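Heads up: the structure comes next, in structure tokens.
The values are calculated or read from the model by the stated rules, or taken from the named source; none is laboratory data. Note that the coordinates shown come from a computational prediction; the quantities given were computed from them, not determined experimentally. Counting neighbours? That spans all protein chains shown, and the Cβs are built from the backbone with ideal geometry, glycine included. The accessibility values were calculated without ligands, DNA or RNA, using every heavy atom of the protein model including side chains. Shrake-Rupley method; radii C 1.70, N 1.55, O 1.52, S 1.80 Å.
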Amino acid sequence: ASEPRSPYRVVLLGASGVGKTAFASIFAGAADSMDSDNCELYEMCEKVIEVDGEPAAVTLLDTWDTDSEWAQECYMQTGDAYLLLYSITDRASFLRASELRITLRRFRPAQHTPIILVGNKCDLVRRREVSVSEGRTCAAVFDCKFIETSAAMQHNVWEAFRGIVRQLRLRRDSK
Ligand code: GDP
């Protein structure tokens, strides 16, 4: 039997209103929950999810309402990996994501920390302010992965969670 591993700590970052709580509640509401009692508070939820046929223990941390810089910097030091969210309907949140990426680099300079840039609310087609190619280009510049999601439609949200686990595994295996 393989030895138990401590859960991967995945942190949700992003401006207020981009959908972090929506992501956290989708994660917390997963049907294959092993310990849903831990998830009454969405701010921190631990769960075993299956990725590529293998279980992965994940603790998801939601930075909730904290636009306090101090609190966000705390979160930036606690994660093994980050989902960096913006809303495709809100250009300011896209710029905020870039700033957060730069700040993250300060806290995570040495190792290659898995980060996915997430353009959420892709269901709101007519309110789009940030194009897919802008998102993709930004991710390329920042050397991270990119995905567009809709928490409202539950589109690609699990793909993002699985993507971050895959990157964490790659990093772990290359150690
Ligand atoms: P947070 O401040 O980052 O935690 O953002 P919330 O998760 O509270 O979401 C802010 C608002 O956007 C809420 O009214 C959500 O219902 C809505 N929202 C979140 N994700 C989506 C999405 O993918 N599509 C749409 N249309 N609305 C969303």
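Quick one: in the range 146-166, which of the residues that are in contact (Cβ under 8 Å) with a residue 40 or more places away in the chain, open to solvent by 30 Å² or more (accessible area, probe 1.4 Å) and in a helix (DSSP H, G or I) is farthest from the ligand (Cβ to nearest atom)? Checked the range 146-166; the qualifying residue farthest from the ligand (Cβ to nearest atom) is Arg166.
Among residues of the range 79-99 being of a type in the set (S, T, N, Q) and not in a helix (DSSP H, G or I), the one that is surrounded by the fewest Cβ atoms within 10 Å (Cβ to Cβ) is Thr89. Scoring Arg169 on the criteria (1) surrounded by 14 or more Cβ atoms within 10 Å (Cβ to Cβ); (2) within 16 Å of the ligand (Cβ to nearest atom); (3) assigned to a helix (DSSP H, G or I) leaves a single failure, condition (2). Each residue in the range 102-139 was checked for being within 16 Å of the ligand (Cβ to nearest atom) and either of a type in the set (Gly, Ala, Ser) or part of a helix (DSSP H, G or I) (or both), and 6 of them qualify.
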